[in-house]
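Quick notes on the structure that follows.
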Amino acid sequence: MAKVTFTTEKCKTQYSYFRKNFFMQQFDVTIIGSGPGGYVAAIRCAQLGFKTALIEKYNTLGGTCLNVGCIPSKALLDSSEHYYNAVHKFSAHGITVKNVSVDFEQMIKRKADVVKQTCDGINFLMKKNKITVLNGHGTFVDGNTIAVAKEDGSNEKFKTTHTIIATGSKPSSLPFINIDKKKIITSTEALSLKEIPKHLIIIGGGVIGLELGSVYARLGSEVSVIEFMDSIIPTMDKALGKELQKVLSKEGMKFYLQHKVSEVTAKGKDVMVKATDAKNAVVDFKGDYCLVAVGRKPYTENLGLDKAEVKVDERGRIITDEHLKAAKNIYAIGDVIKGAMLAHKAEEEGIYVAETIAGQKPHINYKLIPGVVYTWPEVAAVGYTEEELKTIGIKYKTGNFPFKASGRARASMDTDGFVKVLAHAETDEILGVHMIGPRTADMIAEAVVAMEYRASAEDIARMSHAHPTFTESFKEACLAATENRALHI
Ligand code: FAD
Ligand code: NAD
């Protein structure tokens, strides 16, 4: 046998290698990504008694939702709504306010404070639940080993029995657009601008385009929305997009439907956008900012998926089975897999996977995940759209109730919009609820509960709803669906 001698230095190196690889930390569950999918999964894993690690590449926890998504956008929506109401609505209530102006720096600062408080809350929850948080970029070394590349250049490896991939998504763009993050921007930059745009051109009339478009339109920007499809929010029930476009147009937003953008260029202070309309005519737009809001793409960069035998589909989404399993002992949740890119969908999936790992039998009803657009009026929906019911051939009946017939809505001067209930033609089971109006983001929860328990329209119509509330409009729409028995229209 060959005789091996070590110098002292060599011994140290060998020992350190041995220590790193044979005495690696071991976790029961490791979650990569701390968005609403990841951090909720971590909490549920900890509640179930697992030794849990959460890896996040940024210095704050909470992912897209808390840092550059749901929370900051709602903070700016609320601030801009106060301003808009002060300027345009208070006088009708008999309130006179003079010299109302926007301190945009303060508005952005308040938003940043709200984000900080919310992210700090996640740190507290991680500590409370004894979850090990590792800051750095997580990568699979193999199916049971994860490496975390830290900001200081160091690399830590550890073992894990189960892994949950919750790496979320990033804004997507069009191949010919160069997002310079200054004039041609994504939602991330639009949430932290230094000035209110004079003319904001928005590509995409989906959720981000309309929410952030509303923020700036309320603050005085000219806002032009260019949408490829023949309707805004095109994946929702068509009646909702039509009504929302009507209301937002009244407030000054301009919509260019069936327009295909072909060129976006920034020159000095200007941004030029070229599009072709439905008749193939070229339409030119000139603004000072262009927000590209054409969807988001799953984020799996440098994740080492091949080392763990995890596959992606043609859209870059991690492929899972019906139990959200992507490979042996590896699961994926949230925006990085198929389905709606929504925080509450990611959360449900986080809980589902944690409980599945624990041997429980959880369930998610994907058809009953509500979708909300936080414009004013708010748009909220759950279940089948009318277009879907027609396509799949289910016979249905419709109940409509307009908010202008609601005493509560008249009191608050929020009479735009309606509640539309779609119920099975024979069984009366509620199949879809589509609302646009005041506080429908909160009202939709009643429809979710009703549909989860497979209520009929008549079930809801027979339940007492406090008067006067916006929720009476849901009851009335159910009465209308039942036997055309609405009381107040
Ligand atoms: P994310 O929240 O994207 O979190 C993923 C995390 O993983 C990120 O922090 C990322 O840094 C981290 N990560 C990625 N790769 C690695 C790695 N290799 N190592 C370590 N960490 C990694 N949804 C709603 O339901 N309601 C809303 O009102 C709403 N508003 C939105 C507004 C805007 C402007 C945007 C952009 C989105 C909004 N969304 C909203 C969508 C919502 O933010 C997402 O659906 C949600 O954040 C997805 O959660 P997630 O946990 O899957 O991923
Ligand atoms: P989206 O899918 O909601 O809307 C993108 C829009 O861009 C669509 O209407 C689409 O037809 C249009 N579009 C696509 N290509 C185009 C082109 N070449 N020219 C013109 N229009 C084009 O995506 P988004 O608004 O970017 O939002 C991304 C994700 O974030 C969504 O999946 C959404 O669920 C989530 N989000 C949710 C909320 C919320 O729940 N309130 C808020 C913001 C974002």
Handout entry: Proximal lysines relative to K159, as straight alpha-carbon distance under 25 Å, when same-chain residues fewer than 8 apart are discounted
Key = K12, K20, K51, K57, K127, K128, K130, K150, K307, K311, K325, K328
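Quick check on the chain: helices-only [θ] at 222 nm, where DSSP H runs of length 4 and up contribute -39,500 (n - 2.57) each and the sum goes over total residues. Nearest 500, please.
On the way: 14 runs with 164 residues, N = 489.
For the chain, the value works out to -10500 deg cm²/dmol.
Restrict the search to the range 92-193; then list the GluC sites (Glu not before Pro) that DSSP places in a loop and that have at most 12 other Cβ atoms within 10 Å of their Cβ. Present the calculation step by step, with values, prior to reporting the outcome.
Numbers: sites: E105, E151, E156, E189; in loops: E151.
Counting only loop positions with at most 12 other Cβ atoms within 10 Å, the GluC sites (Glu not before Pro) in the range 92-193 are E151.
From the square roots a ≥ b ≥ c of the eigenvalues of the alpha-carbon gyration tensor of the range 325-371, which class results: rounded (a/c under 1.5), prolate (a/b over b/c), or oblate?
Oblate is the answer for the range 325-371, as a/c is 1.5 or above yet b/c matches or exceeds a/b.
Please state the equivalent ellipsoid semi-axes for the range 368-481: what are the square roots of 5 times the Cα gyration tensor eigenvalues, largest first, in whole Å?
Details: eigenvalues 95, 46, 29 Å².
Semi-axes (√(5λ), whole Å): 22, 15, 12.
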Problem - Virtual spin-label span in nm between R410 and D459, 7 Å along Cα→Cβ - result: 3.2
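What FRET efficiency comes out for D277 versus F104 if R0 is 41 angstrom and r is the Cβ-Cβ distance? Round to the nearest 0.05. Write out the running numbers ahead of the final one.
Details: r = 33 Å, r/R0 = 0.82.
E(calc), rounded to 0.05, equals 0.75.
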Practice task
Run down the aspartates and glutamates and flag those whose C-alpha is under 17 Å from the C-alpha of K238, throwing out any fewer than 8 positions away in its chain.
Solution key: E227, D230, E378, E386, E387, E388, D416
Practice task
State to the nearest 20 debye the size of the charge dipole of the range 184-294 about its Cα centre, where the only charges are +1 on K and R beta carbons and -1 on D and E beta carbons.
Solution key: 180
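What full-extension length gain, to one decimal in nm, is calculated for A425 and K198 as 0.36 nm per residue of separation minus the Cα-Cα distance?
On the way: separation 227, 0.36 × 227 = 81.72 nm, distance 4.99 nm.
Length difference between fully extended and current span is 76.7 nm.
Scan the range 23-89 for trypsin sites (Lys or Arg not before Pro) in coil per DSSP, keeping those whose Cβ has at most 15 other Cβ atoms within 10 Å, and list them by number. Numbers along the way, then the final one.
On the way: sites: R44, K51, K57, K74, K89; in loops: K51, K57, K89.
Passing both the DSSP loop test and the Cβ count: K89.
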Practice task
Work out the FRET efficiency for K150 and R485 from their Cβ-Cβ distance, taking R0 = 51 Å, and round it to the nearest 0.05.
Solution key: 0.20
Practice task
At 1.4 Å probe size, with every protein chain present, just tell me what the per residue accessible area of the range 368-481 comes to in Å².
Solution key: 41
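Based on alpha-carbon positions alone, could you give the equivalent ellipsoid semi-axes of the range 184-294 from the gyration tensor, as √(5λ), descending, whole Å?
Numbers: eigenvalues 83, 61, 27 Å².
Three semi-axes, in Å: 20, 17, 12.
Full-extension gain between D142 and K246, please, as 0.36 nm times their residue separation minus the C-alpha to C-alpha distance. Write out the running numbers ahead of the final one.
Working: separation 104, 0.36 × 104 = 37.44 nm, distance 5.36 nm.
Result: 32.1 nm gained on full extension.
Size of the dipole of the range 368-481 about the Cα centre, Lys and Arg at +1 and Asp and Glu at -1 on the beta carbon, nothing else charged, in debye to 20?
260
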Completion exercise
Long-range amide H partners of K51, meaning residues 5 or more apart or on another chain whose placed amide H is closer than 5 Å, are D28, V29
Practice task
Filter the cross-link list K338/K390; K116/K286; K269/K345; K89/K182; K74/K254 down to pairs whose alpha-carbon distance in this structure exceeds 31 Å.
Solution key: K116/K286; K269/K345; K89/K182
Completion exercise
the chain: longest segment with zero exposed chymotrypsin sites (Phe, Trp or Tyr not before Pro), where exposed means DSSP loop plus at most 11 other C-beta atoms within 10 Å, is residues 177-452
Problem - Positive-pole candidate from A381, T64, A86, dipole of the chain, charges at beta carbon - result: T64
Problem - Mean-position separation - Cα centroids, the range 434-465 and the range 102-162, in angstrom - result: 37
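Rounded, prolate or oblate, given the Cα gyration tensor of the chain, with a/c below 1.5 counting as rounded?
On the way: a/c = 2.06, a/b = 1.50, b/c = 1.37.
Judged from the Cα gyration tensor, the chain comes out prolate (a/c at least 1.5, a/b above b/c).
In the range 260-290, what trypsin sites (Lys or Arg not before Pro) fall in a loop by DSSP, with at most 11 other Cβ atoms inside 10 Å? Intermediate values should be presented prior to the final figure.
Details: sites: K260, K267, K269, K274, K279, K286; in loops: K269, K279.
Here the sparse-neighbourhood loop sites are K269, K279.
Excluding T471 itself, what net charge comes from residues whose Cβ is under 14 Å from its Cβ, given Lys and Arg +1 and Asp and Glu -1?
On the way: positive: R408, R439, K475; negative: E378, D414, D442, E446, E472, E476.
Every neighbour counted, the sum reads -3.
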Handout entry: J(HN,Hα) series, the range 56-73, from Karplus relation 6.51 cos²θ - 1.76 cosθ + 1.60, nearest Hz, glycine and proline x
Key = 9, 6, 8, 7, 10, 8, x, x, 4, 3, 7, 8, 9, x, 3, 6, x, 5
Problem - Whole-number accessible area per residue in Å² for the range 184-294, which is evaluated in the context of all protein chains at 1.4 Å - result: 43
Practice task
Would you mind checking the range 406-441 for residues with the amide N under 16 Å from a putative spin-label position 7 Å along Cα→C-beta of H467?
Solution key: 406-411
Handout entry: Accessible carbon and sulfur surface of the chain relative to its total accessible area, %, 1.4 Å
Key = 53
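Taking the Cα centre of the chain as the origin, how large is its charge dipole in debye, to the nearest 20, when only Lys and Arg (+1) and Asp and Glu (-1) carry charge on their Cβ atoms?
Working: 63 positive and 57 negative charges, 266 e Å.
Dipole magnitude for the chain comes out near 1280 debye.
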Handout entry: Spin-label model distance (nm) - F124 vs E301, 7 Å beyond Cα toward Cβ
Key = 3.3
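The values are calculated or read from the model by the stated rules, or taken from the named source; none is laboratory data. Because the structure is predicted, anything quoted here is derived from the model rather than measured. Ideal geometry is used to build each Cβ from the backbone, glycine not excepted, and the neighbour counts take in all protein chains shown. Remember, those area values only see protein heavy atoms, side chains included, never the ligands or the DNA or RNA. Shrake-Rupley method; radii C 1.70, N 1.55, O 1.52, S 1.80 Å.
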